[in-house]
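What follows draws every value from the coordinates through simple rules; no lab data is involved. Everything quoted here is computed from the prediction, not taken from an experiment. Methodologically, a virtual Cβ is constructed for each residue, glycine included, from the backbone with ideal geometry; neighbour enumeration extends over all protein chains shown.
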Amino acid sequence: MKTINKIFISAVIIVVMGFVASCSKSDGTIGTDNPKNSPDGKSGSTARIIIKGDYLYAVDNSSLKVVDISTPSNPSYVRSVEIGFGIETIYTFGDYLFIGSNLGIYIYGLSDPSNPNQLSQFEHFTACDPVIASDTLAFVTLRNNNVCNQWIVASREIDVLNVKDIFHPYQLVNYIPQFDPYGLDRLNNYLFVCHGTDGVVVYDINKMIAGYGNAVISTITGITAFDAVIWQNKLFVIGESGFYQYDYSDIHNISLISSILKNQ
C-alpha cells in the first residue's frame, strides 16, 4: 500500500506543479462563466482529477483519493474513500463533488474537505457517464454503446437532474439526442455537448426541460469531439485530432479561433 501511495503522490506532484505553473503564466484574470468554480481551476466533465481549495481529488475505478496541496511543492496523501465500481468522472461545484459512474451519480459533501462524505446518489442504466452541475441543475450524458456496455442494446440520452435539494436529486427530463453524447459544459441557458464524430451541439436548456420544439441551437462539425470547457469567454474542445478554441459570442455561428493538432 505504501508503494502504491508513493506512485500516486508522484503523479499528483506532476499535476500540481503543472497547475501552479499554468497559473503563474496567466494574467491573473478569472473567467466569469462559472464564478464558483473558477478560483479552483476549471476542469472538463470527463476529468478524473480536480483541484478544490487546498485539496486535489482524484478517482480511480472504485475510490476517491484525497491529497493535501496546501504546500504545492510538497503535496501529502490524506486518504482513500471507497465509492463503488465503475467510477468514471469527477466534477466540483460549490461545496460538493459530483462523481459519475457507469451506474449513477454520487454526490459528496465537502464540509470537511479532507474527508468527503456521501450525501446522495442518483441511479441510471449502465452507461458511460460524464456529469456537470450548477446551483439547482445537474446534467448527465449517457451512452451504452459497445465501448461502455456491450451486453445490452445501444442507447443514448441526456438527463437533466434537479439538485436543489442535494440530499434528494431527481430527474427532470430525459432528452434523447440524435448522436451519442460525450463530455459537456454549460453557459447560462446553453448546454454544449460533444457528440464524438458528429462534433459539438449547443442545446437550449429551457426547451430541453419543457420538452417541446427543437432544442438544438447550433452545431460545430468537422471534428471528433470528446469534451468541452467554457472558460474566459471561450469554448475549448478536446477532440480526437487535438485541441480547439472557439468564439461563441454569436451562439448561432460559432467560429474557430485556433487549434493545436497532433503532429503539428
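Structure above, values below:
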| item | result |
| --- | --- |
| Pairwise FRET efficiency - Asp60 versus Asp135, Cβ, R0 = 41 Å, nearest 0.05 | 0.90 |
| Pairs beyond 24 Å (Cα-Cα), from Lys164/Lys234; Lys52/Lys164; Lys65/Lys262 | Lys164/Lys234; Lys65/Lys262 |
| Mean Cβ neighbour count within 10 Å, used as a protection proxy, ranking 168-179, 53-64 highest first | 53-64, 168-179 |
| Distance (nanometres) between label positions extended 7 Å along Cα→Cβ at Glu82 and Ser114 | 2.3 |
| Gain in span if fully extended, Ile257 to Ser70, counting 0.36 nm per residue against the direct Cα distance | 63.8 nm |
| Neighbour-limited loop hits for trypsin sites (Lys or Arg not before Pro), segment 169-264 (at most 11 other Cβ within 10 Å; DSSP other than H, G, I, E, B) | Lys262 |
| Ordering of 92-98, 70-76 by burial proxy (mean other Cβ atoms within 10 Å per residue, highest first) | 92-98, 70-76 |
| Anisotropy class of segment 184-234 from Cα gyration tensor, a/c 1.5 cut | oblate |
| Asn214 paired with Gln178, simple spin-label distance in nm, labels 7 Å along Cα-to-beta-carbon | 0.8 |
| Lys234-Asp95 FRET efficiency (beta carbon distance; Förster radius 30 Å; 0.05 resolution) | 0.65 |
| Segment Ile166-Leu187, extension gain: residue separation times 0.36 nm, minus the distance between their alpha carbons | 5.4 nm |
